[in-house]
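S.K.: This is the structure I have questions about; it appears just below.
The values are calculated or read from the model by the stated rules, or taken from the named source; none is laboratory data. Just so you know, these numbers come straight off a predicted model, no measurement behind them. Note that each Cβ is placed from the backbone with ideal geometry, even for glycine, and that neighbours are counted across all protein chains shown.
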There are 2 protein chains.
Amino acid sequence: MSILTLPQPYLLFLGDSVDERDAKTAMGLRDWAGDRCVGEFALATATITTGLPRLTPAAARARGAQSLVIGVAPAGGIVQPNWVPALLEALRAGLDLVSGMHTRLEDVPVLRSAALELGRRLIDVRKPRQTFPVGTGRRRSGRRLLTVGTDCALGKKYTALALARAFNERDVPATFRATGQTGIMISGSGVAIDSVVADFIAGAAEELTPDAAADHWDVVEGQGSLFHPAYSGVSLGLLHGTQPDVIVMCHEAGRESVHGLPDFELPSLKEAIEVTLTLARRTNPGVRCGGVSLNTVTLSEEAANALLERHSAELGMPCADPIRGGPRFDELVSACLGA
Amino acid sequence: MSILTLPQPYLLFLGDSVDERDAKTAMGLRDWAGDRCVGEFALATATITTGLPRLTPAAARARGAQSLVIGVAPAGGIVQPNWVPALLEALRAGLDLVSGMHTRLEDVPVLRSAALELGRRLIDVRKPRQTFPVGTGRRRSGRRLLTVGTDCALGKKYTALALARAFNERDVPATFRATGQTGIMISGSGVAIDSVVADFIAGAAEELTPDAAADHWDVVEGQGSLFHPAYSGVSLGLLHGTQPDVIVMCHEAGRESVHGLPDFELPSLKEAIEVTLTLARRTNPGVRCGGVSLNTVTLSEEAANALLERHSAELGMPCADPIRGGPRFDELVSACLGA
């Protein structure tokens, strides 16, 4: 089995952080995997909190924690030297370490030797060593939804999490399937699809979304964009391997060009949906677009509603901001389910 | 620099082969890189020949050879134990070893220790250790042509080699750019694009086709197909990273479904060209299709000509079989050059 699986529940490590913006991972885990987080652990100098109980590694272990997740990412993404005693304390208490930082835990000699001695695992989610078979294109049982986007970094993960939660709230069996490091930490398993060798992208996506009960939905976190000059290969391999029944197109209000590449104008939502469906039909002729997920964080409520209404009317499909929720989002959920 | 570069000229190793079909690599190198092959070397029991001079490694070294290329692939793709003395002789004569076999040369202990001791290189083309930056989408100087296909294994490499050669014969400066192991051996450098980590496919393609003189053509060997359920990610990353001015669509007469996946019907040539151009415009709005390269190996000359004529008329563009050459191929070359 080559899907990465993380030991849960977690103890969230906040290091010595004094800036909540460094703690996106910890906050995301609290919000989306709160039922699998027993508490938080931080150095005495830290000033931030997730609101979860503050526990020592030993106390967390006693409450069932299996691993300590590094939930903060200071500039540079480096494991800070003054964290090391706390990380060693976690290893000694019986916890594995999970990290999505640029520095590999394995590359910190004192952690590597302690883990070896204690029989603990050091799990680097950013650069997992995973191998996959070549894709087969075989149709699998169960239903699949993939969030796709006009660009990177505009809400594909959030949309997939929100849809999976909403499906479950309607008693529709659904599993969020993670394809990036934060998603994997939230879900507890997944594939860092952008770190897979090119030949195996679709094969990895197939393994991530295996045969399932006929009424079960895999709600898959999209990566990159078919329209991104650097990452389109990842996106197409994921699209073909996932063979979604439904796609949801994600976009950010006001974004007109590829993030960081102002020369690359984004396609219109209509064009993006059409191109995506054309390609997606290759492995699932029945694919349809459930609607649009629009990130309207920069807009007032009034402006957001007007824009959502306009897009919805123009495209003839639901358009919602999952962060705002409400009836528009309910409509999107219904459309995805075909209800 | 992360483009793989091989030491040329070569001495071609034929092992103990008695079946010419096992020697595709050697024959391909003779045909396409004959000016960079000083000769062949084989065990006494071998019965096949490339027609090049039969030389000992020492004699080949004296004629300038820099490496011994394993030019045969017996079933299983394993370095045969009875080859080892000959391979050691080559190392001792001052040649590096180049292999595209499944077995890594590095994994044969006696070769590894001899290479280390003698300061020779063991180069595994199939699984090179190459790292690349993320793509930028920046437009580069010079012109680029990419061969694309309705499927895998139908002539994209051959077409690119034939076009690059034809460009040169017309005194148009052109470089064949290799993206697979056989192509890399022929060219002496390149990127095994399907072994690149997913995030860096386009970036690798960008490095492979750098800024060049305004009238220079990079003629890039395509890989996979946008329509292949397993390999489409590789193909799209290569398309976006190459940012071709011209694509040539490759197809095999009579092939109706994906090789090995009979449930996957191939698109029509018209549809394949349209989808490819739509996606290619993302990084080169001026991209056009130069024509179709049709593999007609299974047809009589009369049937081939009729089919080429029909496709050409239906699509309104040149359609040729580069193996047959002739005026149709000249027409394709002219169309690619915009002449």
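S.K.: Kindly indicate whether residue A:187 is away from every other protein chain (no Cβ under 14 Å) and in contact with a helix residue (DSSP H, G or I) (Cβ under 8 Å, 6 or more places away or on another chain).
M.R.: When the stated conditions are applied, residue A:187 passes them.
S.K.: Read through the list (1) within 28 Å of residue B:338 (Cα to Cα); (2) at the interface with chain A (Cβ under 7 Å from one of its Cβ atoms); (3) in contact (Cβ under 8 Å) with a residue 60 or more places away in the chain, then give the number of the only condition that residue B:236 fails.
M.R.: All conditions pass for residue B:236, except number (3).
S.K.: On the given criteria, is residue A:292 under 30 Å from residue B:235 (Cβ atoms) and within 22 Å of the chain's Cα centre (by Cα)?
M.R.: Judged against the criteria, residue A:292 is a match.
S.K.: For segment A:145-157, state whether one or more residues are touching a Lys or Arg at 6+ places or on another chain (Cβ under 9 Å), under 22 Å from residue A:7 (Cβ atoms) and either modelled with pLDDT of 95 or more or among the aromatic types (Phe, Trp, Tyr) (or both).
M.R.: no
The rows are residues; the columns are (1) at positive phi; (2) outside the structural domain of residue B:178 (by TED's automatic domain parsing); (3) in a loop (DSSP other than H, G, I, E, B).
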position	(1), (2), (3)
B:24	no, yes, no
B:27	no, yes, no
B:44	no, yes, yes
B:51	yes, yes, yes
B:74	no, yes, yes
B:84	no, yes, no
B:89	no, yes, no
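S.K.: On to the next question. Within segment B:195-218, does at least one residue satisfy the condition of being over 21 Å from residue B:139 (Cβ atoms) and more than 8 Å from chain A (Cβ to nearest Cβ)?
M.R.: No, because not a single residue in segment B:195-218 is over 21 Å from residue B:139 (Cβ atoms) and more than 8 Å from chain A (Cβ to nearest Cβ).
S.K.: Need at least 3 residues that are farther than 25 Å from residue A:227 by Cβ and of a type in the set (D, E, K, R) per element, so show me which helices (runs of 4 or more DSSP H) inside segment B:212-329 make the cut, counting only ones lying wholly within it.
M.R.: The qualifying helices (runs of 4 or more DSSP H) are B:301-315.
S.K.: Answer yes or no as to whether residue B:293 is more than 14 Å from chain A (Cβ to nearest Cβ), buried (at least 23 other Cβ atoms within 10 Å of the Cβ), among the hydroxyl-bearing types (Ser, Thr, Tyr) and touching a residue at least 12 places away in the same chain (Cβ under 8 Å).
M.R.: yes
S.K.: Is it true that residue B:171 is farther than 19 Å from residue B:277 by Cβ, charged (D, E, K, R) and part of a loop (DSSP other than H, G, I, E, B)?
M.R.: yes
S.K.: Is at least one residue of segment B:167-179 among the aromatic types (Phe, Trp, Tyr) and more than 22 Å from residue B:250 (Cα to Cα)?
M.R.: No, segment B:167-179 contains no residue that is among the aromatic types (Phe, Trp, Tyr) and more than 22 Å from residue B:250 (Cα to Cα).
S.K.: Related question: How do the pairs read when you match residues in segment A:191-206 that are surrounded by fewer than 24 Cβ atoms within 10 Å (Cβ to Cβ) with residues anywhere that are basic (Lys, Arg), using Cβ under 7 Å and keeping only pairs 6 or more apart or on different chains?
M.R.: Listed by first residue and then by second, the contacts come to A:195/A:127.
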